[in-house]
1. Identify, please: which residue in segment 164-184 is in contact with a strand residue (DSSP E or B) (Cβ under 6 Å, 6 or more places away or on another chain) and assigned to a loop (DSSP other than H, G, I, E, B) and is, among those, surrounded by the fewest Cβ atoms within 10 Å (Cβ to Cβ)?
2. Collect the residues in segment 83-116 that are part of a loop (DSSP other than H, G, I, E, B), farther than 22 Å from Ser142 by Cβ and over 12 Å from the mean Cα position of the chain (by Cα), keeping them in residue-number order.
3. Restricted to segment 99-114, and to residues that are over 19 Å from Gly183 (Cβ atoms) and in contact (Cβ under 8 Å) with a residue 60 or more places away in the chain, which residue is surrounded by the most Cβ atoms within 10 Å (Cβ to Cβ)?
4. Quick one: how many residues across segment 68-88 are at negative phi and either at pLDDT below 95 or of a type in the set (Gly, Ala, Ser) (or both)?
5. Is it the case that Phe111 is touching a strand residue (DSSP E or B) at 6+ places or on another chain (Cβ under 6 Å) and under 14 Å from Val13 (Cβ atoms)?
6. Taking into account only those residues within segment 117-149 that are part of a loop (DSSP other than H, G, I, E, B) and either of a type in the set (Asp, Glu) or free of Cβ contacts under 8 Å to residues at least 12 places away in the same chain (or both), which is surrounded by the most Cβ atoms within 10 Å (Cβ to Cβ)?
7. Name every residue in segment 150-163 that is in contact (Cβ under 8 Å) with a residue 40 or more places away in the chain, surrounded by fewer than 18 Cβ atoms within 10 Å (Cβ to Cβ) and either part of a loop (DSSP other than H, G, I, E, B) or hydroxyl-bearing (Ser, Thr, Tyr) (or both), in order of residue number.
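The values are calculated or read from the model by the stated rules, or taken from the named source; none is laboratory data. Here the structure is a predicted model, which means the values were calculated and not measured. Cβ placement follows ideal geometry from the backbone for every residue including glycine, while neighbour counts extend to all protein chains displayed.
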Amino acid sequence: MNIIQTHLEGCIVINPRIFNDDRGYFFESFNEKRFFDAIGREIHFVQDNQSFSTKGVLRGLHLQMGEHAQTKLVRVTRGEVLDVAVDLRKASPTYGQYHAVLLTETNNSQFLIPRGFAHGFVVLSDEAVFQYKCDNYYNKASEGGLYFADPDINIDWQLPAADLLVSDKDKELPFLKDAVDFGF
């Protein structure tokens, strides 16, 4: 596997070694030992999630706060999404900055997003299946998030705003400057 450290400390893009032949392809999507060796620390994943969405669906920017914070390892098994992590660690030199990664069914890349980040994605293909591992269980009372179109963060979602399909709940999330302390 090829590990690419982003400018946000702890956010890592993982590109698998893919073996292609006339029958198709094979790759190891997760191997705990190789994963730990590659990122330099152990993460115990306890929950896997999957979503299906159509073009323009934007989910985010979400996070779990406090003791329920989550590290996520995300990937796309069908389609194409732009995946985004926003640094919410107050002491970080990259606080309020984001990193975006194109995750597709053909590049098979994965994005590791540690605790202390908001996360979201937008579907760029007609349909997408998005999968992710979490190192902590979901807790409704610990939900948090940021408004996806916060001008201070200025994320380029790669689609016109009029084409984005955003839940009413996500449209009500706060701007970074108005957000509560997320506990990071």
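1. Quick first cut of segment 164-184, residues in contact with a strand residue (DSSP E or B) (Cβ under 6 Å, 6 or more places away or on another chain) only: 164-166, 173, 182.
Of the ones still in play, those that are also assigned to a loop (DSSP other than H, G, I, E, B) are 164, 173, 182.
Working: Leu164: 16, Leu173: 23, Phe182: 20.
Residue satisfying both the conditions and the ranking: Leu164.
2. Hits for segment 83-116 are Pro93, Thr94, Gln97, Glu105, Thr106, Asn107, Asn108.
3. Step one: filter segment 99-114 for residues over 19 Å from Gly183 (Cβ atoms), giving 99-112.
Next, from what is left, pick out any that are in contact (Cβ under 8 Å) with a residue 60 or more places away in the chain: 99, 101, 107-112.
Values: His99: 18, Val101: 21, Asn107: 16, Asn108: 18, Ser109: 19, Gln110: 25, Phe111: 27, Leu112: 22.
This residue is Phe111.
4. First pass over segment 68-88, keeping only residues at negative phi: 68-78, 80-88.
Among the residues that remain, those that are also either at pLDDT below 95 or of a type in the set (Gly, Ala, Ser) (or both) are: 69, 85.
Summing the residues that are at negative phi and either at pLDDT below 95 or of a type in the set (Gly, Ala, Ser) (or both) in segment 68-88 gives 2.
5. yes
6. Per the criteria, the residue is Asp135.
7. Asp152, Asp156, Gln158, Leu159
Conditions (1) modelled with pLDDT under 90; (2) in a loop (DSSP other than H, G, I, E, B); (3) in contact with a strand residue (DSSP E or B) (Cβ under 6 Å, 6 or more places away or on another chain); (4) on the phi < 0 side of the Ramachandran plot, marked per residue:
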{"residue": "Ile4", "(1), (2), (3), (4)": "no, no, yes, yes"}
{"residue": "His7", "(1), (2), (3), (4)": "no, yes, no, yes"}
{"residue": "Glu28", "(1), (2), (3), (4)": "yes, yes, no, yes"}
{"residue": "Phe35", "(1), (2), (3), (4)": "yes, no, no, yes"}
{"residue": "Ala38", "(1), (2), (3), (4)": "yes, no, yes, yes"}
{"residue": "Ile43", "(1), (2), (3), (4)": "no, yes, no, yes"}
{"residue": "Asn49", "(1), (2), (3), (4)": "no, no, yes, yes"}
{"residue": "Ser53", "(1), (2), (3), (4)": "no, no, yes, yes"}
{"residue": "Leu58", "(1), (2), (3), (4)": "no, no, yes, yes"}
